Amino acid sequence: HLETEATDADLGRLLASSPPAGRRCQVALASSVCTAALRAVALALATAPEVIVRPSRRDPGLAGPLVRALGEPGALDAQGCAVRLADAEEPLGAGLSPGDTLHLYGSDETVATVAAALPRGVVLRAFGSGIGLAAVGRHEPLEPAAIGLACDVVVFDQQGCLSPRLALVEGPPERA
């Protein structure tokens with residue numbers, strides 16, 4: 001459920017698909033899935049040399065240990081990136097300058113509220129509400145696909161942004 005053995009090619013694709021975020025990227029985490037913080041911080045680190053992580057108010061548990069594992073707050077890691085936790089009282093977007101980026105994970109309502117209050121020139125990359133969809137092609141065996149879908153649903157209890165809520169199965173009705 002989390003990439004633990006990424007190849008150099010995998011990391012290269014991540015970096016190539018991540019637009020630069022200026023000098024700083026602030027990440028505002030959602031509480032839906034505990035491992036979501038890992039992916040969110042990895043995406044932020046792929047875009048900027050300084051990352052500020054703001055834990056979810058409802059589930060702040062993983063953000064602190066994750067940032068500490070990357071090094072002491074404000075310390076440089078081996079790649080030359082500084083990672084720190086945002087102060088609890090620090091508003092979203094605080095400390096960001098024009099050209100910096102805020103990666104925001106949350107509901108569409110939260111995204112709209114935060115977007116209206118961001119400092120001018122700060123780029124917002126919003127990861128709002130969505131629906132997970134799985135597709136099973138006509139020639140794909142059904143049993144492995146069904147087991148994979150069931151495993152994802154069980155682990156994330158359909159709370160994760162990629163956890164499928166709907167499966168489309170190509171083929172005749174009896175195949176589904």
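The values are calculated or read from the model by the stated rules, or taken from the named source; none is laboratory data. In this text the structure is predicted, and so the values were computed from the model without any measurement. Side chains included, ligands, DNA and RNA excluded: accessible areas come from the protein's heavy atoms. Shrake-Rupley method; radii C 1.70, N 1.55, O 1.52, S 1.80 Å.
Some observations on this one:
- In the full protein context, segment 82-145 carries 59 Å² of accessible surface per residue, based on a 1.4 Å probe and ignoring ligands, DNA and RNA.
- Rounded accessible area of GLU90 (nearest 10 Å², 1.4 Å probe): 30
- Backbone geometry of segment 83-89 corresponds, through the Karplus equation with coefficients 6.51, -1.76 and 1.60 at θ = phi - 60°, to 3J(HN,Hα) couplings of 10, 8, 7, 6, 5, 4, 8 Hz, x marking Gly and Pro.
- If the segment from LEU133 to ALA115 were pulled out straight at 0.36 nm per residue, it would be longer than the present Cα-Cα gap by 3.8 nm.
- Estimated vicinal HN-Hα couplings, Hz - segment 56-62 in sequence order (Karplus 6.51, -1.76, 1.60; Gly, Pro = x): 5, 5, 7, 8, x, x, 7
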